[in-house]
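Please treat every number below as a calculation from the coordinates, not as lab data. As the structure is a computational prediction, the values presented were derived from the model and not from experiment. Reconstructed Cβ throughout: ideal geometry from the backbone, glycine too, with neighbour counts over all protein chains shown.
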Amino acid sequence: MRRVSAICLSTFALSLLNLCPRTGQSAETVSVGLEEAVEIALARSYRLRQAKLDLQAAKDQTAASYSPVWPQVNANAGYTRNIVAPNPFAGSSAGGLFDGLNSLGWLAYNEAQRTDPNAMGGTISLAEFQRRQVEGQAAAGYNPSSNSNPFFVPNAFNLGISVSQVLYNGAAFTGIKGADKYLETTAAGLDVEALNVVSQTAQAFYGALLAREQTKILQNSVDRTRTTLQETTKRVSQGVLPQFAQLSAEVELANLQTQKLRADNQAQAALDGLKATIGLPPAQAITLRGTLQLEDEPPALPPMQDALQMAMDQRPDVRQARLYVQTLEIQEKVTWSEYLPVVQAVANLGYQGNVPDDRTLLVSAGDPNDPFAYQTQTNSFFSGSYWNPSFSVGLNLTWNIFNGFRTSNTLKQNRVATSRARLQLNELEDAARIQVEQAQRNVQTALQQIETQARNIERAELNYKHAEIRVREGVSTQLELREASNLLDNSRFAHRQAIHDYLVARASYDVALGTPPVSSKETP
């Protein structure tokens, strides 16, 4: 069987997936080759799908790691209802300030009367001044008692937006590098799972082919034995052979038929195992395409040193282990960065409103002949006299001087974890080298077995032909023919077994080098 190259059969695989849903409903029998089996396994593998979800989570985590260095924008809004407001000047000499404000107005009025030649009425006493004010306010419909405390505002509103931008944060900047490295590590883990899925699928497929080949070989043996039995029965009836020869042939045929039934069961079990490996429901009937034949000359293996170097460069598990070490090294730097300060630029924009319930104001009526004539006006809720903006910018510096040795202890733990990861990496590299050497020896041994068994089949076929001739000529017995038949069957099966061993060994060798034994468009 020729080793599989790159394929373009995703459409067929998807149609097969539609034919065999996971409900277990039986669908029509479909023919599956190694390429389709690999595609289906890659699409249905639970572990591979879990690894893809892990990769997506790592991507989201990497994107989230950038959040500390992006500008932070916060909006706030608040409302306060003041029930009772204290006198802000209580306990000080300014407590009677507002009691004398009316006297200032009286003095200003009398001064205007003395200095203005056109003024009428002359100066008045303070009591008269206050009386006229009250009458003017009453005439305008103004109640001064509701606004007696100018510092009491029932409604207070606060609106604001704050913006901060990190100028320097060693832990955050280093953490971004660590998140990127963690993403690479998770992606390598996905490659590891995909390589395992392809390898397991290839081995299960080759095993199913071998089981099918065994049934074919046994069927050929049954057919030959049945033909021999017919000839033996004929010759017994002619008195040429004893009854013993016929009985022996019948026993031999029954034994072969039993072996054939057992082989059929094993072949079906291998198919069920393949369906379980690639994720098809048990009720789905499939047949296999392909045979255990080497149509092309097996490719030569690279020198051992080159193969070992390829494994160190290509194996996803080794790459994942190296990336994990680098991730832990970055984590050490993140922890050490806690000793460094954090610098932020900040900007705050605010809008404050103090809005009274009664927004009625008393203003002069503008009558030059009557300074005590007033009128009222009402401000809107959003009057500019109630609302005032504010804006500020600055820098914030945060520097942790002492945190109870938490950072130093964490840093020690990080270094221990990094050292442990380095040891695991060295152990994995040694195991990978041993695996490559063993896999290469297995491939070479399997090729030698194929060559030996190919020559042995030729001898077994020639031996069987000679045995047939000798039996027909009467110089040999049926026992010798059955022995020759068994040798031929065993040789053919050993040859198929050798091919199977080579394909499995070559798949294991490719996995040891870090390359998939079967290429697929679905391979991540």
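Figure the gain on full extension for Ser385 and Glu427 (residue separation times 0.36 nm, minus the Cα-Cα span) and round it to one decimal in nm.
Full extension from Ser385 to Glu427 adds 7.4 nm.
Going highest first, how would you order 75-85, 448-458 by mean Cβ packing within 10 Å?
448-458, 75-85
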When the charge dipole of the chain is computed with +1 at the Cβ of Lys and Arg and -1 at the Cβ of Asp and Glu, the Cα pointing farthest to the positive end, of Ala321, Ala245, Gln56, is that of Ala245
Expressed in nanometres to one decimal, the distance between label points 7 Å along Cα→Cβ at Glu329 and Leu159 is 5.4 nm
Rounded to the nearest 0.05, FRET efficiency between Asn265 and Ile434 (Cβ-Cβ, R0 25 Å) equals 0.10
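Arrange the following residues from fewest to most other Cβ atoms within 10 Å of their Cβ: Glu111, Glu461. Before the final figure, lay out the partial values.
Values: Glu111 11, Glu461 15.
Placing the least packed residue first, the sequence is Glu111, Glu461.
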Of every Cα-Cα pair in the range 232-318, the percentage lying beyond 16 Å is 77 percent
Here, GluC sites (Glu not before Pro) of the range 266-367 satisfying both criteria (DSSP loop; at most 15 other Cβ within 10 Å) are Glu295
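On full extension of the chain, what length is gained from Lys465 through Asp60, given 0.36 nm per residue of separation minus the C-alpha to C-alpha distance?
138.7 nm
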Quick note on Glu468, Glu36, ordering by fewest other C-beta atoms within 10 Å, gives Glu468, Glu36
Computed for the range 240-325: size of charge dipole around the Cα centre, +1 on C-beta of each Lys and Arg, -1 on C-beta of each Asp and Glu, debye to nearest 20, value 400 debye
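Using per-residue counts of other Cβ atoms within 10 Å, averaged over each peptide, order 41-52, 204-215 from highest down.
Going from most to least packed, we get 204-215, 41-52.
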Rounded to the nearest 5, the percent of antiparallel DSSP beta bridges in the chain equals 95 percent
When all Cα-Cα pair distances of the chain are considered, the percent exceeding 37 Å is 64 percent
So, with points 7 Å from each Cα along the Cβ direction, the Gln50-Thr123 label distance in nm works out to 10.1 nm
With 0.36 nm assigned to each residue of separation and the Cα-Cα distance removed, Lys234 to Asn348 gains 29.9 nm
So for R0 = 41 Å, FRET eff. of Gln200-Ser408 from the Cβ-Cβ r, to 0.05, ends up at 0.30
Under the 7 Å Cα-to-Cβ spin-label approximation, Tyr168 and Leu301 lie apart by a distance in nanometres of 5.7 nm
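Counting helices only, and only those DSSP H runs with n ≥ 4, report the 222 nm mean residue ellipticity of the chain as the sum of -39,500 (n - 2.57) divided by its residues, in deg cm²/dmol to the nearest 500.
-21000 deg cm²/dmol
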The range 283-303 scanned against label point 7 Å out from Glu458 along Cα→C-beta; backbone N under 17 Å for 294
Taking Cα atoms, the helix 126-139 axis meets the longest principal axis of the chain at an angle in degrees (rounded to 10) of 50 degrees
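Please order Leu107, Leu328 by the number of other Cβ within 10 Å, starting at the fewest. Working shown, then result.
Details: Leu107 13, Leu328 20.
Going from sparsest to densest Cβ surroundings: Leu107, Leu328.
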